[in-house]
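Values quoted throughout were computed directly from the atomic coordinates according to the rules given, and no laboratory measurement underlies them. Please read all numbers here as calculations on a predicted model, not as lab measurements. Because the Cβ atoms are built from the backbone with ideal geometry, glycine has one as well, and the counts that use them run over all protein chains shown.
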Amino acid sequence: MVASSQPLATAAGLEILRTGGNAASAAVAVAAALNVTEPTSTGLGGDVFVLYYSAENKKVYALNGSGRAPLQLSLQKIKGDGLASLPPTHPYTITVPGACAAWVDFNYKFGNKNLNQVFEPAIDLAENGFPVSPITAYFWDLSATRLLSKSLNGSQLLINGHAPTPGQIFKNKGLAKTLRLIAKNGKEEFYQGEISRAIISVITESGGCMESVDLTNHTSTWEEPIFIEYQGKRIWECPPNGQGLAALLALNILKNFDIQNMSILSAERFHLEIEAMRLAFADAWFYIADPATNPAPLDRLLSDEYARQRSSLINVHKTLDHFEHGKPPATSDTVYFCVVDKNGNACSFINSNYMGFGTGIVPSGYGFSLQNRGHNFSLDPNHPNHLAPGKRPYHTIIPAMVTDPIDNNLIGPFGVMGGFMQPQGHMQVAISLFTDNLNPQDSLDLPRFCIEPKMDGQFIAFEDGIEDKTIHKLIEMGHQIRKISGMERAIFGRGQIILRDNDSGVCIAGSDPRADGCAMTL
């Protein structure tokens with residue numbers, strides 16, 4: 001089974017499965033097809049995080065495919081350029097794109113198809129064109145005037161200066177060329193060959209400081225995934241520099257409250273979830289950074305003792321004005337999609353440019369835009385996530401995986417994409433799946449809340465569909481609420497879920513109604 005935000009990308013993954021490919025090769029095929037069909041969110045100019053469940057040894061693996069800041073970029077350089085902050089699309093926000101290396105490294109370690117086979121569906125879509133889906137067309141149009149028309153070579157991702165309309169055929173022959181080059185010559189083509197030269201050229205012309213050595217030095221890293229036990233399930237996330245830690249912190253805190261006996265979508269439960277998430281974000285924004293330079297005390301942060309300590313700060317009747325990060329006792333962090341193959345291998349995969357097309361800057365003739373992930377660095381030299389040469393930033397994109405803690409059998413992959421909504425989405429989906437026992441589609445259909453990305457965490461967006469009396473009660477408890485409807489619902493992310501029954505091998509899945517995609521099985 002494959003679940004993704006674009007039907008044609010889902011079909012690409014199914015084609016690989018149908019011809020004998022496994023979950024890993026199918027996942028890379030989906031990632032490549034999404035670069036073609038949803039460049040508004042993802043692509044080779046961005047980064048990747050993956051969780052992979054191997055049925056052979058019942059183990060979860062974590063791949064960090066995020067890039068690093070240029071070696072010539074520093075706080076001193078930014079200050080010397082007279083910048084008090086980095087605008088979201090400034091060329092200094094471009095970190096090394098990690099997606100290509102992640103695709104190749106992941107397929108090499110776990111896949112069973114070569115890159116020519118894996119990229120074939122995406123190359124066909126890029127070369128011959130595809131009809132653009134409605135939600136993608138909407139966000140493409142928003143970026144056309146705001147970003148792509150103003151960014152260097154950004155017009156190469158438009159049609160005569162305009163975004164494609166729903167159903168209009170879009171061809172991306174530059175991306176087809178890029179995928180063929182990578183399939184022929186491997187990731188070295190992207191980081192050391194003609195694609196790398198095009199990347200450096202456009203960044204230099206835009207006023208950035210990335211050099212060829214930054215691309216040549218890039219490596220993906222295999223990490224030890226982190227987990228907690230929740231409702232008899234083991235929930236896995238990638239470790240920092242991703243923000244999966246925030247989801248686990250919030251779920252750990254909520255284990256100290258009787259939420260299973262509170263009504264779904266009730267003010268009482270929403271209040272506890274919001275306060276737990278605010279506590280989790282307070283820690284995430286302080287502790288999540290590049291583990292190579294600023295490792296977080298993960299064992300202590302994820303301990304039950306620390307969760308009890310943090311939960312004691314919550315007033316069940318009233319929101320607190322402000323939460324500070326905690327000090328754990330010295331004892332013991334886009335497109336998302338998932339794939340499960342016939343043998344029970346599973347892939348939870350997320351690939352992102354950040355903020356839509358990222359910077360909107362396009363290496364001329366290669367069909368993808370460059371990310372602006374460096375915007376997440378802190379410019380405070382005393383912060384663990386401060387900008388430094390060769391450093392990875394706080395990363396929003398996170399995949400999740402669930403297993404049985406007793407026998408390590410697969411339960412399934414899930415995820416919710418969308419900036420700082422992602423750990424909030426993971427928390428809300430995990431509660432609906434494993435506390436309320438909803439099926440995957442019903443879980444994704446539920447209206448959500450989103451703590452908007454401000455450090456005080458006071459302003460809460462609520463999705464249309466939540467009763468007015470619930471909103472009024474939350475306001476009485478001190479929450480500042482903003483109700484969201486229509487296309488603005490994108491703030492609440494877009495998720496995919498596949499759960500697998502290990503006795504029958506049957507999969508049940510859901511695909512978020514806030515996106516164009518679907519879940520399909522062979």
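Out of the range 14-72, which chymotrypsin sites (Phe, Trp or Tyr not before Pro) are coil in DSSP terms and have no more than 12 other C-beta atoms within 10 Å?
Taking the range 14-72 and a limit of 12 other Cβ atoms within 10 Å, no loop chymotrypsin sites (Phe, Trp or Tyr not before Pro) are found.
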*Please give the residues of the range 304-325, grouped as numeric ranges, whose backbone N is less than 18 Å from a label point set 7 Å along the Cα-to-Cβ vector of Phe286.*
304-315, 320-325
_Over 30 Å between alpha carbons, listed pairs Lys318/Lys483; Lys59/Lys255; Lys77/Lys177; Lys150/Lys177_ = Lys77/Lys177
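In terms of the Cα gyration tensor, with a ≥ b ≥ c the square roots of its eigenvalues, is the range 91-210 rounded because a/c is under 1.5, prolate because a/b exceeds b/c, or oblate?
Details: a/c = 2.13, a/b = 1.19, b/c = 1.79.
Verdict is oblate for the range 91-210.
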*Could you go through the range 409-422 in sequence order and give the Karplus-derived ³J(HN,Hα) for each residue, using 6.51 cos²θ - 1.76 cosθ + 1.60 with θ = phi - 60°, rounded to whole Hz, and x for Gly and Pro?*
5, 5, 9, x, x, 8, x, 10, 8, x, x, 6, 6, 4
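State to the nearest 20 debye the size of the charge dipole of the chain about its Cα centre, where the only charges are +1 on K and R beta carbons and -1 on D and E beta carbons. Before the final figure, lay out each step's value.
Numbers: 41 positive and 51 negative charges, 166 e Å.
For the chain, the charge dipole is close to 800 debye.
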*When the Cα atoms of the range 289-406 are enclosed in a convex hull and the volume is divided per residue, what value in Å³ results?*
225
*Which three lengths, in whole Å and largest first, does the chain cover when its Cα atoms are put on their principal axes?*
60, 59, 44
*Take the range 203-335, compute every pairwise Cα distance, and split them into 10 Å bins from 0; I just need the percent in each bin.*
11, 36, 28, 14, 9, 2
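Over all directions, what mean area does the Cα convex hull of the range 1-70 project, stated in square nanometres?
Working: hull surface 22.5 nm².
Seen from a random direction, the Cα hull of the range 1-70 projects 5.6 nm² on average.
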*Over what distance in Å are the Cα centres of the range 219-285 and the range 1-72 separated?*
24
*So what does the Cα-only Debye profile of the range 394-453 read at q = 0.15, 0.17, 0.18, 0.20 Å⁻¹, as log10 I(q)/I(0), no solvent term?*
-0.48, -0.60, -0.67, -0.80
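Viscosity 0.890 mPa s, temperature 25 °C: what is the translational diffusion coefficient of the range 429-522 from Stokes-Einstein with a Kirkwood Rh over Cα pairs, rounded to a whole number of µm²/s? Present the calculation step by step, with values, prior to reporting the outcome.
Working: Rh = 15.0 Å.
My calculation gives 163 µm²/s for D.
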